[in-house]
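Data first, discussion second: the structure below is written as structure tokens.
The values are calculated or read from the model by the stated rules, or taken from the named source; none is laboratory data. Keep in mind it's a predicted model, so treat the numbers as computed, not measured. Counting neighbours? That spans all protein chains shown, and the Cβs are built from the backbone with ideal geometry, glycine included. In case anyone asks, the SASA skips ligands and DNA or RNA and just uses the protein heavy atoms, side chains included. Shrake-Rupley method; radii C 1.70, N 1.55, O 1.52, S 1.80 Å.
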Amino acid sequence: MTGATSPDGETAALLSALNGQRRHILGILDGLDTDALRRPVLPSGWNCLGLVQHLALDVELFWFRAVVAGDRNVIDALGDTEDAWRVDPGLPAADVLDRYRHETRLADAVITSTAADTALAWWPRHLFGEPHLHTLRDVLLHVITETACHAGHLDAARELIDGRRWMVLD
């Protein structure tokens, strides 16, 4: 990490693209009640809240705080959650959404203090074998893609739940 307080132009552009996808994730869920957020709408059984928890833990926390920053406390705690897609029924929906917002802020701190070409601090060979991502730039592009893909999943889920569509021009 470089200790920079503002990202270079490339990193700022990538972070802007990621933030657009993050806003989409939260925006498409706006107005859904707890029952709708927890209701599975596809045969696989996942629900909107589980997908957001997955993004918080398996994407934002994992890729930025563990892989990019190499935060040993985060790495050591990665096994504490058995399946991020499954939300504890007693956990309020607002807590899951707040956790996602919190993890994005923590990820942003890593992103804005790291040069785009900085080598990754840690690689989970036990999950992915030899590294296929090598720099913050690579991770940002991966996370933008994954978040955009899941935003599309949430678009489909929301339309199935109540017919609402995100930014569709008629």
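Summary table below
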read-out	value
Search result, residues across the stretch 129-170 that are open to solvent by less than 20 Å² (accessible area, probe 1.4 Å) and of a type in the set (D, E, K, R)	Arg158
Within the stretch 108-128, considering residues that are within 11 Å of Val67 (Cβ to Cβ) and open to solvent by less than 20 Å² (accessible area, probe 1.4 Å), the one modelled with the lowest pLDDT	Pro124
Filter pass, Pro89 being open to solvent by 70 Å² or more (accessible area, probe 1.4 Å) and at pLDDT below 95	no
Only one of His132, His153 that is of a type outside the set (Phe, Trp, Tyr) and assigned to a helix (DSSP H, G or I)	His153
Helices (runs of 4 or more DSSP H) wholly inside the stretch 1-97 that include at least 3 residues being hydrophobic (A, V, I, L, M, F, W, C)	9-29, 48-54, 72-77
Flag if Ala69 is touching a residue at least 60 places away in the same chain (Cβ under 8 Å) and either open to solvent by less than 60 Å² (accessible area, probe 1.4 Å) or of a type outside the set (D, E, K, R) (or both)	yes
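A quick yes/no check of all residues on (1) basic (Lys, Arg); (2) open to solvent by less than 20 Å² (accessible area, probe 1.4 Å); (3) over 11 Å from the mean Cα position of the chain (by Cα):
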residue	(1), (2), (3)
Thr11	no, yes, yes
Ser16	no, no, yes
His24	no, no, yes
Leu29	no, yes, yes
Cys48	no, yes, yes
Val59	no, yes, no
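Okay, residues lined up against (1) under 20 Å from Gly27 (Cα atoms); (2) out of contact with any helix residue (DSSP H, G or I) (no Cβ under 7 Å at 6 or more places or on another chain); (3) of a type in the set (Ser, Thr, Tyr):
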residue: Phe64; (1), (2), (3): no, no, no
residue: Arg125; (1), (2), (3): no, yes, no
residue: Glu146; (1), (2), (3): yes, no, no
residue: Gly152; (1), (2), (3): yes, yes, no
residue: Leu160; (1), (2), (3): yes, yes, no
